[in-house]
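> Here it is: the structure, laid out below.
The values are calculated or read from the model by the stated rules, or taken from the named source; none is laboratory data. This structure is a prediction, so every number in the text was calculated from the model and none was measured. Heads up, the Cβs are rebuilt from the backbone with ideal geometry, glycines too, and the neighbour counts pull from every protein chain shown.
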Amino acid sequence: MNLIDVVKEFPTDEECLKYIEQMRWPDGKVRCTVCGNDHISRITRKSQTKNVRKSIYQCLEPTCKQQFSATSGTIFNDSHLPLNKWFMALAIVVDAKKSISANQLKEHLGIGSYRTAWYMAHRIRKAMEDNSGSLLHGDVELDETYIGGKSKRRGKKRTEKPLAERFDLVLGMRERKGRVKFVHVKDGKLDTIRKAVSEHVNPSSRRIITDSAVLYKFAFHSHLKQRHYMVNHEKEWIVPGTDIHTNTIESAFSLLKRGLIGSFHRVTIKHLHRYLSEFEFRWNIRKDTDRFSTTLQRMLGIPPMPYAELIGEPKA
Ligand SMILES: [Zn+2]
């Protein structure tokens, strides 16, 4: 479903809510979002207020009696935006290869404030986070890029630390013919890289392939070190006569780099992980024929993210 389909099929909140209901309760049995009981009754309200659902449910379990709708307990929960704007936003973000800024979203959708559009975009990104914990395996390519070249301390004398210790680093890891993973690491020190790799790459992967950047030379535990292959980009893009190259991570990475630079003039390091999730997710579902529904399903599966939580400091 692309933006045009979404606009056509979901012109009002009612159609959106019906679709969400089908997704949330595919067997047609509406269940209480608090106690899971299916003994419920439907209530129709005549409210004209935008953020009050006209059709809600009442749980008939005497100890519960919760009133709920299909969006209760999901990331849509406390939003005052009409659902059809959410649907359009989702269709735009899911297909925007280089992503889209909150300002663009605000203008495309006629949303009142930048803050609302920004909050909306971050809630969509939140749904794109990979919490599966599954590790990359097989042939895994690794590459890196530096973020934060324009530090606040610009103008002051640069410290003499090596590049890898001065800037925030994004590691890109890609299983050949498989998933990509973008990870924000605080520096390029040996321990940091080693930790990131062991968190995301299966220790029994067949090969790990990088360029000859110095940060990789000592970054792997011994079991991976034996299977570490390098291509020297000063000399060549592929080791002649082999399939040792990092071309497939670089193609996934180039979209991220172009997107982060092109769509966002500033990305706060605090929120960087969510942008990375977005690019990673979009790449990983690029062959999905209904990316819209796949992403919507995930949005229904995650709890609300209050604004205060979004702007608060990340948990250590
Ligand atoms: Zn209940």
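> Residues that are buried (at least 16 other Cβ atoms within 10 Å of the Cβ), at pLDDT below 90 and within 25 Å of S254 (Cβ to Cβ): does region 145-154 have at least one? Let's see the steps before the verdict.
If we filter region 145-154 for residues that are buried (at least 16 other Cβ atoms within 10 Å of the Cβ), which is where we start, we get 145, 147.
With the extra rule that they be at pLDDT below 90, the set shrinks to 145, 147.
Pick out the ones that are also within 25 Å of S254 (Cβ to Cβ) and you get 145, 147.
Yes, region 145-154 contains a residue that is buried (at least 16 other Cβ atoms within 10 Å of the Cβ), at pLDDT below 90 and within 25 Å of S254 (Cβ to Cβ).
> List the helices (runs of 4 or more DSSP H) that sit entirely inside region 207-306 and contain at least 2 residues that are surrounded by 12 or more Cβ atoms within 10 Å (Cβ to Cβ) and under 17 Å from the mean Cα position of the chain (by Cα).
Values: elements: 214-217, 222-225, 247-262, 269-284, 291-300.
Where helices (runs of 4 or more DSSP H) fall fully within region 207-306 and carry at least 2 residues being surrounded by 12 or more Cβ atoms within 10 Å (Cβ to Cβ) and under 17 Å from the mean Cα position of the chain (by Cα), they are 247-262, 269-284, 291-300.
> Now for a separate question. Just checking, does region 63-81 include any residue being farther than 25 Å from I111 by Cα and exposed (fewer than 13 other Cβ atoms within 10 Å of the Cβ)?
Applying the first criterion (farther than 25 Å from I111 by Cα) to region 63-81 yields 63-68.
With exposed (fewer than 13 other Cβ atoms within 10 Å of the Cβ) added as a condition, the list becomes 63, 65.
The answer is yes; a qualifying residue exists.
> Look at region 35-57 and say how many of its residues are at pLDDT 90 or above and away from the ligand (no atom under 11 Å from the Cβ). So that I can check it myself, show each step before the final result.
Here is the first cut: in region 35-57, the ones at pLDDT 90 or above are 35-42, 57.
From the residues that got through so far, the ones that are away from the ligand (no atom under 11 Å from the Cβ) too are 41-42.
Matching residues across region 35-57 total 2.
> Restricting attention to region 66-105, which residues are more than 16 Å from the ligand (Cβ to nearest atom) and at positive phi?
Selection gives S99 alone.
> Separate question: In region 19-38, which residues are surrounded by 13 or more Cβ atoms within 10 Å (Cβ to Cβ) and either in contact (Cβ under 8 Å) with a residue 12 or more places away in the chain or within 27 Å of the chain's Cα centre (by Cα) (or both)?
Kept after step one, since they are surrounded by 13 or more Cβ atoms within 10 Å (Cβ to Cβ), are these residues of region 19-38: 19-21, 23-25, 30-35, 37-38.
Passing the criteria: Y19, I20, E21, M23, R24, W25, V30, C32, T33, V34, C35, N37.
> Spot the failing condition for D95; the list is (1) among the charged types (D, E, K, R); (2) within 20 Å of the chain's Cα centre (by Cα); (3) modelled with pLDDT of 95 or more; (4) closer than 25 Å to D290 by Cβ, and only one is missed.
All conditions are met except number (3).
> I'd like to check something: does region 58-65 contain any residue that is away from the ligand (no atom under 16 Å from the Cβ), in contact (Cβ under 8 Å) with a residue 12 or more places away in the chain and either of a type in the set (A, V, I, L, M, F, W, C) or assigned to a loop (DSSP other than H, G, I, E, B) (or both)?
no
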